[in-house]
Amino acid sequence: MNLLLAEDYVTSLFLHVLRTGAFVAVLPLFGQQRDSFMLRLVLATALGAVFWWVGDQQVATPDHLLSLGVMGVREVFVGFALGFALSTMTSFLVSAGEVISSEMGFSLARAINPETGIDATVVSQLLQVLGFLLILQLDLHHEALRVLEQTFRSCPVGEEFAIAPICDGIFSLIGGSVQLAVQYSFPVLGTMLLVSVGMVLLGRAVPAINLMEFAFALRVLLALGGLALFLGEGAPFLVGVFEHVLEQARSIFPY
């Protein structure tokens, strides 16, 4: 009897760690490189143990290993879904950086992103780091952990749940992230449009001027100035977006 009880405890702990580990593995805030693997593993194990201690400490151990595997897949899916949903807090900044870099002429100015190991434009990396720092400053990473804790009440460990509402919520966040990327990059895009119109009018008014000599440098200078100005002015917009994403993630896993 005691052995069966111990198996139920171990099964519950294992499933808690699986969900937490999938969540940590997806979020770029915790890093996705090989050198941070052990740190993420320790963090996932610690968080899973905490949620197990305050939640369902016993889950009936299935008779077949295949059934246990299905339960594990369900937990991994929930962790991946929540992590992917919360990753849109910074993914729209990466998309906005790609759009701004293309308009500035910095599409080829790419470097390896230390968080993901994938090459990205320097503007995208700048905006992503800004988003990470703002999330940490506002303690929104603690809110993300609270949403993770909410999933254990919305989708109890070892029990079945509906997949369709989760997928619909994720699709809604993905579509919204594209719109947010355009909105965040619009001030710089508007500035570039005005500069282009001004250069065309100047070239028509003074044909002797060689616009190719200073047009590119002027566009880069104005784009960097507008981007630096909007980094501070756009902070309330970013805070609103982060809070909106957190609310959307909570609505995916209602309790």
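What the table shows:
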read-out	value
Residue in region 235-242 that is at pLDDT below 85 and more than 30 Å from G83 (Cα to Cα) present	no
Out of V195, V157, V147, sole residue that is crowded, with 17+ Cβ neighbours inside 10 Å and not in a helix (DSSP H, G or I)	V157
Options L211, L246, L227; residue that is surrounded by 11 or more Cβ atoms within 10 Å (Cβ to Cβ), more than 18 Å from the chain's Cα centre (by Cα) and under 30 Å from S172 (Cβ atoms)	L227
Residue list for region 45-68, filter: closer than 19 Å to V147 by Cα and either modelled with pLDDT of 75 or more or of a type in the set (S, T, Y) (or both)	T45, A46, L47, G48, A49, V50, F51, W52, W53, V54, G55
Residues that are at pLDDT 90 or above and polar (S, T, N, Q), drawn from region 1-44	T20
Test: T121 is surrounded by 13 or more Cβ atoms within 10 Å (Cβ to Cβ), modelled with pLDDT of 85 or more and β-branched (V, I, T)	no
Output for region 39-53, where each listed residue is touching a residue at least 12 places away in the same chain (Cβ under 8 Å) and surrounded by fewer than 16 Cβ atoms within 10 Å (Cβ to Cβ)	L41, L43, A49
Meets criteria (out of contact with any Ser or Thr (no Cβ under 8 Å at 6 or more places or on another chain) and of a type in the set (V, I, T)) for V245	no
Test result for V220, on the phi < 0 side of the Ramachandran plot, in a helix (DSSP H, G or I) and surrounded by 13 or more Cβ atoms within 10 Å (Cβ to Cβ)	yes
Checklist (1) free of Cβ contacts under 8 Å to residues at least 24 places away in the same chain; (2) over 23 Å from L93 (Cα atoms) applied to G240, failing item	(2)
Residues within region 184-231 that are in contact (Cβ under 8 Å) with a residue 24 or more places away in the chain and within 30 Å of Q248 (Cα to Cα), tallied	8
Residues located in region 130-167, provided they are over 30 Å from T11 (Cα atoms), of a type outside the set (A, V, I, L, M, F, W, C) and without any contact (Cβ under 8 Å) to a residue 40 or more places away in the chain	Q137, D139
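The values are calculated or read from the model by the stated rules, or taken from the named source; none is laboratory data. Since we're looking at a predicted model, the values are computed, not measured. For neighbour counting, all protein chains shown are included, and Cβ atoms are generated from backbone atoms with ideal geometry for every residue, glycine included.
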